[in-house]
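Presented below is the structure to which this report refers.
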Amino acid sequence: MAKKKQTGAEGPSCSFCGRPASYGDMLVPSPLGNTYICTGCVEHIHEALREYNEDAKGKSAGKGTAELNIPKPKEICEFLDQYVIGQTDAKRYLSVAVYNHYKRLQQSVTDDVDIEKSNIVIVGPTGTGKTLLAKTIARLLDVPFTIVDATVLTQAGYVGEDIESLLTRLLQAADYDVERAERGIVFIDEIDKIARKGDNPSITRDVSGEGVQQGLLKLLEGSVVNVPPQGGRKHPEQRMIPVDTKNILFICGGAFDGIERKIAQRLNSHTVGYSNTARKGVNRDNFLQYVAPQDLKSFGLIPEIIGRLPILAHLEPLDREALRRILTEPKNAIVRQYKKLFEMDGMTLDFTEDALDLIVDKAIEYRLGARGLRSIVETIMMDAMFEMPSDPDGSKHLDVTAEYALRKLEEANFEVNRLQE
């Protein structure tokens, strides 16, 4: 209980400044009852704490470029070029977004200009490098980075994982350092799998589609979210970790299979009257380069989530030349990986040029993208990888020719359709 000022009589004094009760409006006793603090000292401590907190926030948000060693956009793009073939536009978008994200983290809290984050959505066919771009850029970053899958998410209360569990992976990548996690980057893969299942949102409960999109809105926009430390479902007795998503950059990727038809319908539309708006000079072999936000809406993403993903990038379909380069040029090229596997057993492996051309032709025929290259090479190499390590007197060198590769594919029934023709 506070002590009133005592006039003309001796009373208790402030334990901080020593002034008696006669010099202050009131004295606040401690829980022990033997020490007191006057209102003047309380105000002084409050002001000191306020200045300390502002300085701490300013230092956290205003780290210098030399300390963080921020890579420039061209440096980020050059690093991606070492592992990912082609996709120049997508690399530029990603490089600029990541660089701007670093700069946002350095912005002083006293700055009157609030720089908003620019979340990204990447559209591209399967096997063109969406996930590879995310994994590669994660090697370069000094901020926590995680890749999560949107296919397991459902609305709260249904079987599956809550939307907040996306941030659990980010916390794990930051060793549960909440301050570092709040400056991280999240790559949400398979974002197209949560598209709205029906045209009318009021007919049924879309628990793994539109409901998940609505739950993602608060994460993408920026808000304080209670995250379960171990992921999974939340329950009332569980300890939650509050995470502010304002400074977390979200990069979304998806194949959006069938969106080309939406784009073609938009490009070939006609207006009422005599004017014909059918586009001339449209590359009909690659409609994806004309993708626009209204196409994502037609596919099933709600307008609110499209507005929170302002940057829309696309990945080009891989042509024959790109697939050929993917086999041999990147640091983690498929051919280099198999040569390293043989080298670890003391053996050597070589692919002839005609064998590489055959592998590329089959990948184009099967329409599996870059992932198809590994599937084909794995099939060709299976017998050799099974036999040669166990044969001490056998050959320590293998030349993979086109004839050898075609024979192995036929033995594995890859060519059964061709043979039936």
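The values are calculated or read from the model by the stated rules, or taken from the named source; none is laboratory data. Bear in mind the structure is a predicted one, so any value in this text is a computation, not a measurement. Because the Cβ atoms are built from the backbone with ideal geometry, glycine has one as well, and the counts that use them run over all protein chains shown. For the accessible areas, the whole protein counts, side chains as well, though only heavy atoms, and no ligand, DNA or RNA atoms are used. Shrake-Rupley method; radii C 1.70, N 1.55, O 1.52, S 1.80 Å.
Of all residues in the range 108-142, those satisfying the criterion of being crowded, with 21+ Cβ neighbours inside 10 Å, farther than 25 Å from residue 210 by Cβ and β-branched (Val, Ile, Thr) are 128, 136, 137.
For the range 85-100, the criterion of being more than 30 Å from residue 195 (Cα to Cα), in contact with a helix residue (DSSP H, G or I) (Cβ under 8 Å, 6 or more places away or on another chain) and either modelled with pLDDT of 90 or more or in a loop (DSSP other than H, G, I, E, B) (or both) is satisfied by no residue at all.
Taking (1) touching a residue at least 40 places away in the same chain (Cβ under 8 Å); (2) over 30 Å from residue 321 (Cβ atoms); (3) out of contact with any strand residue (DSSP E or B) (no Cβ under 7 Å at 6 or more places or on another chain) in turn, residue 115 satisfies each apart from (1).
Here is a yes/no grid of residues against (1) touching a residue at least 24 places away in the same chain (Cβ under 8 Å); (2) farther than 30 Å from residue 83 by Cα:
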residue	(1), (2)
128	yes, no
161	yes, yes
167	yes, no
175	no, no
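If the condition is being crowded, with 21+ Cβ neighbours inside 10 Å and farther than 30 Å from residue 81 by Cβ, then the range 301-327 contributes 301, 305.
Within the range 87-103, being surrounded by fewer than 18 Cβ atoms within 10 Å (Cβ to Cβ), over 10 Å from residue 77 (Cβ atoms) and more than 17 Å from the chain's Cα centre (by Cα) holds for 89, 103. Pairs are defined by a Cβ separation below 8 Å, a sequence spacing of at least 6 or placement on different chains, a first member in the range 357-368 that is open to solvent by 70 Å² or more (accessible area, probe 1.4 Å), and a second member that is of a type in the set (A, V, I, L, M) and in a helix (DSSP H, G or I); the pairs so defined are 364/323.
Is the range 281-289 home to any residue that is buried (at least 16 other Cβ atoms within 10 Å of the Cβ), at pLDDT below 90 and outside any loop (DSSP other than H, G, I, E, B)? The answer is yes; a qualifying residue exists. The condition of being at pLDDT below 75, out of contact with any Phe, Trp or Tyr (no Cβ under 8 Å at 6 or more places or on another chain) and surrounded by 13 or more Cβ atoms within 10 Å (Cβ to Cβ) holds for only one of 24, 33, that being 24. Looking across the range 302-347 at every residue that is of a type in the set (Lys, Arg) and without any contact (Cβ under 8 Å) to a residue 40 or more places away in the chain, the one that is nearest to residue 210 (Cα to Cα) is identified as 324. Can you spot a residue in the range 58-73 that is at pLDDT 90 or above and open to solvent by 30 Å² or more (accessible area, probe 1.4 Å)? Among the residues of the range 58-73, at least one is at pLDDT 90 or above and open to solvent by 30 Å² or more (accessible area, probe 1.4 Å), which makes the answer yes. Filtered by the rule that a residue be among the hydroxyl-bearing types (Ser, Thr, Tyr) and either under 40 Å from the mean Cα position of the chain (by Cα) or modelled with pLDDT under 80 (or both), the range 374-400 gives 375, 379.
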